[in-house]
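Chemist: Take this structure, written in structure tokens, and hold onto it; I'll ask about it next.
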Amino acid sequence: MSKYNAPAAVPVARNKPAMNEPVIRTEKLTRAYSMGENAITALREADLTVHAGEFVALMGASGSGKSTLLNLLGLLDHATSGEYFLEGKPVSSLRRDELADLRGRRIGFIFQNFNLLARLSAWENVALPLAYRQGEFKHQDQLDRAREALARVRLEHRVEHNPMELSGGERQRVAIARALVTQPAVILADEPTGNLDSNTGVEIMRLLKELNAEGRTIIMVTHDASVARNASRLYHMRDGMLKEDE
């Protein structure tokens, strides 16, 4: 068994959403950058369809285009050409503030470097996406939802600890809780085991598989084949080209 091949998660009672309208669909999505007089195409006409409840891995070496695609899917960047539909709606015509609102409500992010604020407690880090919603959630609502998300990743006993008091695996679980707290349509995980030791990486992959078994839609970027094999579908990326593994 590969070092990151986590055992299959025990299914929970919640059923997966029906496989109908894709959560994510791209058509010939392309991203090119100008470098002086030269143009570099980081992503070339990518076609990707992800339905609710799927666990999809994007695998490729550094510079293959996988992070470019993830940034486009996360509404952190804009395509040069092509179309991107999130829950059936095109995003290319949305204003910057509309994109930010959509990103904050419908997409959860898990980063390789955790991206936690050192001065905040675990629950405050988890509640940040709610705090950004301009008074939509009162302080107690933020605390309650953050505690619930931390309990889901088995950190209910660490809610008041700051990141410096947590292990690497615990920090990543806080990051996962933060991704869950808005109940997003899709979770984007960028090298979620990249900064972890082998045993901790297994724990994180087991948790992601549990979340997927509950019906969470996950798209994960990785360069590690043993990590990618935990997904239900696999795409390879090379020189900006996306190809599904058959």
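Each reported figure results from applying straightforward, stated rules to the coordinates on display, with no laboratory input. None of the values given here were measured: they were computed from a predicted structure. In this analysis, Cβ positions are derived from the backbone assuming ideal geometry, glycine residues included, and neighbour counts consider all displayed protein chains.
Chemist: Pulled fully out, how much extra length does the chain show between ARG95 and ALA225, if you take 0.36 nm times their separation in residues and subtract their Cα-Cα distance? List each step's numbers first, then the result.
Modeler: Values: separation 130, 0.36 × 130 = 46.80 nm, distance 3.75 nm.
Length difference between fully extended and current span is 43.1 nm.
Chemist: What distance in nm separates the two pseudo spin-label positions at MET164 and ASP197, each 7 Å out from Cα along the beta-carbon direction?
Modeler: About 2.2 nm separates the two model spin labels.
Chemist: May I pose another question? Packing-wise, with mean Cβ within 10 Å as the measure, how do 152-164, 29-41 rank, highest first?
Modeler: Working: 152-164: 15.8, 29-41: 12.2.
Top of the packing list down: 152-164, 29-41.
Chemist: Related question: Using alpha carbons only, how many degrees (0 to 90, rounded to 10) separate the axis of helix 122-131 from the longest principal axis of the chain?
Modeler: Tilt of helix 122-131: around 50 degrees.
Chemist: Is the range 70-212 best put as rounded, prolate or oblate by its Cα gyration tensor, with a ≥ b ≥ c the root eigenvalues, rounded for a/c under 1.5, and otherwise prolate when a/b is larger than b/c, oblate when not?
Modeler: Details: a/c = 2.13, a/b = 1.38, b/c = 1.54.
Oblate shape, in that a/c is at least 1.5 and b/c is the bigger or equal ratio.
Chemist: Sticking with this structure for a sec: With the cut-off at 1.5 for a/c, could you classify the range 133-246 from its C-alpha gyration tensor as rounded, prolate or oblate? Can you show the working numbers first?
Modeler: Details: a/c = 2.31, a/b = 1.61, b/c = 1.43.
It is prolate, given that a/c is not under 1.5 and a/b is the larger ratio.
Chemist: Still on this structure, please answer the following. Taking the Cα centre of each part, how many Å lie between the range 111-170 and the range 30-90?
Modeler: Cα centres, the range 111-170 to the range 30-90: 29 Å.
Chemist: Within 10 Å of each candidate Cβ there may be at most 11 other Cβ atoms; applying that plus a DSSP loop requirement, which GluC sites (Glu not before Pro) in the range 66-108 survive?
Modeler: On the way: sites: GLU83, GLU87, GLU98; in loops: GLU87.
Answer by residue number: there is no such site.
Chemist: Under a 10 Å cutoff between Cα atoms, tell me which one of ARG173, ARG44, ARG119 has the largest fluctuation in the Gaussian network model of the chain.
Modeler: Evaluated over the chain, the most mobile residue of the options is ARG119.
Chemist: Rounded, prolate or oblate: which one fits the range 27-91, using the alpha carbon gyration tensor with axes a ≥ b ≥ c (rounded when a/c is under 1.5, else prolate when a/b beats b/c, else oblate)?
Modeler: Numbers: a/c = 2.45, a/b = 1.50, b/c = 1.64.
Here the range 27-91 falls in the oblate category.
Chemist: Give me the dipole magnitude in Debye, nearest 20, for the range 171-246 about the Cα centre, with unit charges on the beta carbon: positive for Lys and Arg, negative for Asp and Glu.
Modeler: Working: 10 positive and 11 negative charges, 48 e Å.
Roughly 240 debye for the range 171-246.
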